[in-house]
Structures are given as C-alpha cells and as structure tokens.
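Please treat every number below as a calculation from the coordinates, not as lab data. The structure presented is a predicted model; accordingly, all values stated were derived computationally and were not measured. Here Cβ is always computed from backbone atoms with ideal geometry, including for glycine, and neighbour counts include all displayed protein chains.
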Amino acid sequence: MTVKKEKILIVDDSEMNRSILMDILETDYDILEAENGEQAIKMLEKYNIDISLVLLDIVMPVMDGFEVLAVMNQYHWIDDVPVVMISAANSSKFIEKAYDSGVTDFISRPFDPAIVYRRVQNTIMLYSKQRKLVGMVADQIYEKEKRNNLMVAILSHIVEFRNGESGLHVLHVQTITELLLSALNRKSDKYHLSKAEISLISVSSALHDIGKIAIDEKILNKPGRLTDEEFKIMKTHSEIGFSMLEELPFYQNEELVKIAKEICRWHHERYDGRGYPDGLKGDEIPISAQVVSIADVYDALTSERVYKKAFSHEKAMDMIINGECGSFNPLLLECLKDLGTGIKDELSVTAMNLNTDKEIKSIADEIHQHSELSASERTLELLEYERKKYDFFATMSQEIQFEYTNSPAMLIISERGARKLGLDESILDPMHNETLIRCLGKEGLEKVAKILKQTTIEKTDVEFELKVRINGVEKWQKVVIRTLWDDSSSLTRFFGKLSDLEQKQAEFSKLEKLTKYDELTGLYNRLTVKEEIKEKVKTNENARYTIAIFDIDDFDAINEKYGHAFGDEVLKKIADVLSKNVNLSDTIARIGGDEFLIFYEDKADYPEYIDDVFKALLIEHENVNISISMGISNRDHKENFTKLAGNAYIALSKAKSDGKKCYRTYDESMD
C-alpha cells in the first residue's frame with residue numbers, strides 16, 4: 001500500500017538553496033519549488049490545503065517573504081498552512097517581524113541539516129495533531145449544529161409559507177450572504193471575519209424575516225401596492241422579529257441568537273441612514289445585517305412575487321449598484337460586482353445540489369395542515385409525517401435509516417444505507433441475513449432486538465453504542481432508535497379495514513411518484529436525477545460523462561405574453577421531444593422552472609448526437625417559435641457532480657451572452 005507523502009513548498013530565489021533543502025527532505029516528503037513570492041502565491045492558490053508546510057526565504061525578487069506572509073494572512077491560508085522561515089537575514093528585527101506575521105519557526109543560515117529536518121518534522125506533526133483535534137471536536141458538535149440549522153431552516157420556511165414567497169428564498173439569502181462575506185474577507189481586513197463567524201451569520205440569516213409571522217396574511221400577500229398604513233404595519237416585522245428573539249427565556253448568550261437579533265432588527269437599515277426601524281448609518285449597522293440586507297434585496301428582485309415579475313440578474317445588479325434600492329456599504333457593492341454572474345451560477349448549483357428547500361417546505365406545510373385534519377385520519381397522517389420527517393433528517397445527515405416491523409420481523413433499509421453496508425437488498429429478515437449479521441454480529445442484532453422490546457409509549461427514544469463491521473473494519477457507531485406507537489396494541493384497530501389500508505398504500509404510491517418525478521412533465525425531478533447520476537458514476541467511475549443543462553429562451557416573456565397555461569404546454573412539449581430524441585441509456589430531468597438536464601456517457605459520436613438533440617428541441621408550438629440555450633460540461637474522474645453542474649451553468653451563461661439559440665461547451669477560458 002502506497003502512503004501519501006506530505007507536500008512541502010520551498011520558496012527561495014537561489015536554486016542552490018532549494019537543492020540543498022530538497023536533498024534533506026525529498027526522501028520523506030513531496031517537494032514543490034517556487035523561485036519567488038509571486039510563484040509561491042500561485043502554488044498556494046492551486047494546492048492550498050494539500051500543502052503541509054512552506055519553507056520561505058525573506059529576500060527575493062518580484063515579491064519577498066514578508067509580502068508572501070501578508071497575502072497568506074489576508075486569505076487566512078496561514079491558519080491551515082504553517083510557515084518556517086529560513087534566511088541569512090537573521091537580525092532580531094527580521095525575526096520579530098516574521099513571528100508577528102504568523103510564522104511557526106525561524107531557521108538561520110547556515111544551518112545543520114539534521115536540525116532543519118527535525119524542525120520540519122515537528123512542525124508538520126504539530127499541525128497534523130491540531131487538525132486531528134479540530135476534526136474530533138467538529139465531529140462532537142456536528143450533530144448539534146446540524147439539527148440547529150435544520151430547525152432554523154424549517155422555522156424560516158414556515159414564515160415563507162405564509163408569505164407566499166419562493167421556497168428558495170431562505171436558501172438563496174444564506175448562499176448570497178456566505179458568498180459576500182467570503183468576498184469581503186478577500187478584499188479587506190476591515191471586518192476580519194473567521195470561518196466560524198461567516199458560518200454563524202449565514203445560518204442566522206435564515207431568521208431575517210421571522211417577524212413576518214405576526215403580520216396579517218392579507219398584507220403579506222397583497223398583489224398590488226401597499227397603502228401607507230399597510231406599509232407601516234409591514235415595516236414592524238423587523239422589530240417584532242427582534243422582540244421574539246429578545247424575549248426567549250434561554251440561549252440569550254448564544255452567538256447565533258445575538259447575530260440573529262442584529263439581522264432581524266437592522267436588515268432594512270441603509271448605509272446613508274434612510275432605512276428603518278432605527279435610522280442607523282454606516283458601520284453603526286452591524287456587518288451581519290448589512291450583508292443580509294443586500295442578499296435579501298437581490299433575491300427579492302430576481303424572484304417572482306405576488307406583486308411583481310422577476311428581474312434578470314443583470315437588471316437586479318444595476319438597480320442595487322445604482323442605488324435604486326437604497327444605499328449600501330461601498331465595500332460590499334464592490335464585492336457584489338466582483339462576484340458578478342457567479343452569484344446566479346452559484347444559486348442555480350446550490351438549488352440543484354442541496355435539495356433541502358422542497359423537503360423543508362413539505363415539513364412546514366405539514367405543520368400548518370395538521371390542525372385541519374379530521375380525527376379519523378390524524379393518526380395515520382401523523383405516522384406518515386413522522387416517517388417522512390425522519391427520512392428527511394437521515395438523508396440530510398447522511399445517516400443510515402432503518403424501518404423495523406415487529407410482526408412479521410422485517411427490516412427495511414434505505415437504498416443508500418443498503419449500498420453503504422454492502423447489502424444486495426433493502427428488505428431483510430434481520431435475524432437471518434448473512435451480510436447484516438457480518439456487519440452487526442449476532443450479539444449486536446440481539447442487543448438491538450432487546451432494546452427495541454424495552455421501548456414503551458412513554459419512552460420511545462433510546463441511544464446506545466454498537467460495534468459495526470464495514471468492509472472488514474470495525475467501528476463504534478451511535479445508534480438512535482425512535483419507535484412510533486398507536487393508541488392501542490391492536491394492528492387491526494390501528495390500520496382499520498383492509499380496504500382502508502389498500503387506499504393508504506395507493507395514496508402512498510401516488511405520493512412516492514410525485515416525489516420522484518416532475519408532476520408536469522413526467523421526467524425525473526432534481527433530487528431523483530442526482531441519485532441516478534451518482535449510481536451511474538459509481539457503476540463506471542472511469543467513464544467520461546457529459547452533462548448538458550438547457551433552458552427555454554425568454555420563457556418569462558412567453559409566459560407573460562401567452563399565459564402560464566401556454567407555458568406549461570411548451571414545457572410538456574419540450575419534455576416529449578427530449579424523451580423521443582435521447583438514447584434510452586441517458587438520464588433526463590426537469591430540474592426546475594424551464595431548466596432541463598441531460599446526462600450521458602460521452603462516446604465517439606458525441607458531437608453529432610448532441611447537435612441532433614439540440615436541433616430537435618428548436619420547436620414550434622401553436623405558431624410560436626421556441627428556442628433553447630444549452631451549456632455542456634464534460635466530466636473527468638477528478639470532478640464531482642457539483643463541479644460538473646457548475647461548469648455546465650457557466651457554459652449556459654456563455655450561450656446566453658452569445659445571443660441565445662445555441663449551445664456552448666465549457667472550457668476554462670469561460671471562468
């Protein structure tokens with residue numbers, strides 16, 4: 001088995017010095033070389049976290065050692081990549097400045113090779129242990145943080161449910177907030193936000209409109225312009241949200257609550273002091289609220305609301321930068337301009353890759369609907385709700401989800417869980433399946449069975465540790481068992497007559513179909529196509545795959561001119577043409593709105609094939625010519641699905657800018 005070597009970057013303008021250091025270290029480490037600071041920065045940008053240590057000279061042409069340290073501090077690389085400075089310029093002034101700039105150690109020339117080797121080894125080991133400790137701590141807090149984030153998101157989507165806004169609004173605001181804060185860190189040290197602070201602000205942003213839960217729905221969803229009195233009521237949502245969090249009887253010292261209160265109260269303040277509720281000006285407004293303010297405005301402009309159509313990305317950017325939506329921090333406006341169309345691309349990929357919005361909104365909808373259920377249906381509906389909820393949490397948290405029935409003894413495991421455990425099937429006899437017995441052992445299975453029998457209506461949840469063997473490796477895993485109970489011990493009373501059960505099964509089959517396929521076109525939806533693609537790639541990881549993403553040119557204008565019913569017919573016709581013209585082995589899906597996806601293995605006839613498919617999609621519907629724009633991205637073994645989809649969106653953007661009604665294949669020049 002080949003052990004991967006740690007990478008060391010040697011930065012020195014002297015070839016002889018680099019050669020001496022290489023002779024000392026190359027047996028045990030992979031060596032990268034740079035002959036000046038500028039080259040070193042490019043290598044750090046390219047390899048970044050793959051570099052375990054930088055050996056840095058001070059006096060160099062183009063960019064010296066201290067300038068390299070300044071850049072590493074600016075981008076916070078030095079937090080993860082240790083620097084040992086080696087130089088003949090060893091005055092106390094230089095050494096002090098080096099340590100102030102964040103170097104881990106300073107070695108003066110001439111040096112003893114054994115000392116250099118030992119110091120390098122110790123530094124790498126120290127940082128390795130530090131990363132391991134950080135990882136251990138992260139594992140311990142991950143579960144709590146994950147649940148907190150999910151609950152915040154669900155609560156926020158309940159507000160969106162009442163507000164009638166896009167179910168993606170919360171996710172978009174979080175994504176844009178994180179993008180802007182990261183860009184701000186790269187541009188300036190003025191606010192110096194850590195990764196943890198950026199994450200906290202991003203999560204807290206989901207609560208920015210929580211106060212709208214107290215606003216009358218007639219005002220929230222009014223299609224026309226609000227009266228002065230209605231707008232006055234609407235503006236109170238920022239103070240209401242602040243008060244709701246301020247009056248929490250607990251968690252007031254939690255950073256998330258503190259930041260969420262800032263955002264709730266002040267995300268409608270403006271940099272020139274003309275916002276509300278307090279008329280704060282400039283940096284009197286916390287940076288968290290400033291960033292969420294821009295994110296909120298951008299998504300409001302680019303999303304369709306009851307009172308307006310969606311603006312394009314370009315129009316929204318112009319309106320924000322030109323001050324049509326109020327005054328914003330000039331530094332943040334520069335960050336917004338730097339991000340450019342990257343915002344639009346990132347939102348598209350995020351919506352596709354993180355399919356949380358649909359599931360969270362489904363749970364939020366369920367919460368609203370439960371109060372309207374009849375008593376006779378409530379038990380079954382709640383049972384189905386619990387099953388869906390835990391299935392959703394398991395999917396999000398990458399847990400392996402099981403369902404166990406006591407009589408007959410049967411274990412149902414998710415397809416993803418079955419694959420992870422190396423099982424050939426997902427419906428098992430738990431006490432006789434050989435693979436499951438190898439994973440858990442008979443003692444483990446007996447332990448689970450015993451604990452299951454100990455659960456009661458009063459004590460439904462238990463947690464315990466269990467040793468699991470996967471791929472020959474034993475690991476201790478935390479097991480959480482949650483049992484669901486009816487109000488009697490009789491299955492017949494619980495499920496009712498057989499005809500009722502069959503009806504419920506039919507309803508569930510319908511629900512399952514709706515969750516897997518797009519209701520309008522019958523194609524796969526976003527979540528399903530992602531799983532299908534994962535399976536294809538897993539089956540043949542060395543194949544070269546291609547993803548094509550296309551949308552209908554000027555579809556908003558078509559809807560506006562001919563009506564949404566006409567637009568729906570166009571979408572169905574596009575789906576029909578797509579189904580008839582792609583190979584049976586290819587995967588096709590409607591991934592949202594007027595966006596479609598084709599995923600296929602790139603073979604010799606690829607150019608002709610995709611060209612034929614593209615031409616077939618240029619259709620006429622009721623004497624209206626419909627065209628599409630398409631972006632294409634090829635996959636090599638190093639690229640994951642998110643990267644592949646992102647590149648396809650970049651190529652799609654290029655096709656749009658080239659006049660539409662065309663397709664473009666991604667290459668790096670488009671970046």
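Tabulated data for the structure shown
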| item | result |
| --- | --- |
| Computed label-point distance, nm, for sites residue 334 and residue 89 using a 7 Å Cα→Cβ extension | 2.8 |
| Least to most buried among 14, 327, 238 (fewest other Cβ within 10 Å first) | 14, 327, 238 |
| Cα gyration tensor, the stretch 231-272 - rounded (a/c under 1.5), prolate or oblate | oblate |
| Sorted by Cβ density within 10 Å, fewest first, the residues 562, 663 | 562, 663 |
| Inter-probe distance in nm under a simple model that places probes 7 Å from Cα toward Cβ, at residue 446 and residue 327 | 7.6 |
| Sorted by Cβ density within 10 Å, fewest first, the residues 266, 77 | 77, 266 |
| Charge tally in the Cβ shell below 9 Å around residue 475, where Lys, Arg are +1 and Asp, Glu are -1, residue 475 excluded | +1 |
| Cα gyration tensor category, rounded, prolate or oblate, for the stretch 70-134 with a/c compared to 1.5 | oblate |
| Normalised contact order of the stretch 1-69, rounded percent, pairs of Cα under 8 Å and 6 or more residues apart | 40 |
